[in-house]
Amino acid sequence: MFSFLFFLKLGETSDYDKLHDMVKYLDLELHFGTQKSSLPAPEPLPHLETFKKKDVIEILSHKKAYNASILIAHLKLSPGSLHQVLMNMAADRLEAAHIKQLLLYAPDAEEVKKYEEYREDPSKLSEPDQFMLQMLSVPEYNTRLQSLLFKCSLQEKTEELRGAFDCIIKASMELKTSRKLAKILEVPRGTTRRDTAR
């Protein structure tokens with residue numbers, strides 16, 4: 001009942017007429033209608049073409065390039081700085097998660113061959129591709145990343161193993177001093193197999 005009164009009141013005001021005129025002005029049927037209109041479609045504005053990407057060559061797949069772009073932003077290191085980190089094997093400058101992502105988005109053998117063609121003129125490549133090309137100048141790029149990942153995660157893995165090792169030692173000591181286990185394993189003296197078979 002309330003909503004009906006609201007719309008009646010809306011119809012009485014001049015705002016309703018303004019809203020109705022605005023809907024007519026927008027030509028909603030033209031843009032959102034399901035039937036074909038006799039009016040021609042509006043032409044694209046010429047200034048929008050200036051916003052298109054300039055012609056760049058993309059070697060990485062779109063998904064890989066997108067994820068690499070996000071990773072580059074998260075690293076907060078220039079390609080030159082990252083190159084230096086990898087050459088010095090400085091594990092303190094990179095987190096294990098970033099190293100895993102660098103390994104994940106590293107170019108495969110086919111992409112490496114394509115990158116070789118643009119080593120002289122990397123400006124033709126997209127930003128993620130330029131980044132990857134510069135990373136490929138690090139000798140043994142993948143091996144260095146794997147080594148850095150091992151170096152970063154060694155302490156954590158050692159702690160995990162130490163905890164598991166402590167549990168094993170504790171369980172072994174409990175078994176060694178357990179009287180119940182000794183009773184179970186105790187074989188009465190003087191019994192033979194023939195006596196136990198009865």
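For the reader, a short list of remarks on this structure follows.
- The helices (runs of 4 or more DSSP H) falling completely within region 76-157 that include 1 or more residues that are touching a Phe, Trp or Tyr at 6+ places or on another chain (Cβ under 8 Å) map to 79-88, 127-135.
- When each of 120, 111 is tested for being at negative phi and surrounded by 10 or more Cβ atoms within 10 Å (Cβ to Cβ), the lone residue that passes is 111.
- Sub-8 Å Cβ pairs linking a first residue in region 101-116 that is farther than 14 Å from residue 72 by Cβ to a second residue that is modelled with pLDDT of 85 or more and of a type in the set (D, E, K, R), at least 6 apart or interchain, are 115/129, ordered by first then second residue.
- Filter result for residue 175 (under 30 Å from residue 56 (Cβ atoms) and either of a type in the set (A, V, I, L, M, F, W, C) or over 26 Å from the mean Cα position of the chain (by Cα) (or both)): no
- Failed criterion for residue 143 (all others in (1) surrounded by 12 or more Cβ atoms within 10 Å (Cβ to Cβ); (2) over 30 Å from residue 55 (Cα atoms); (3) of a type in the set (Ser, Thr, Tyr); (4) within 25 Å of the chain's Cα centre (by Cα) hold): (1)
The values are calculated or read from the model by the stated rules, or taken from the named source; none is laboratory data. Being a predicted model, the structure only gives us computed values, none of them experimental. Note that each Cβ is placed from the backbone with ideal geometry, even for glycine, and that neighbours are counted across all protein chains shown.
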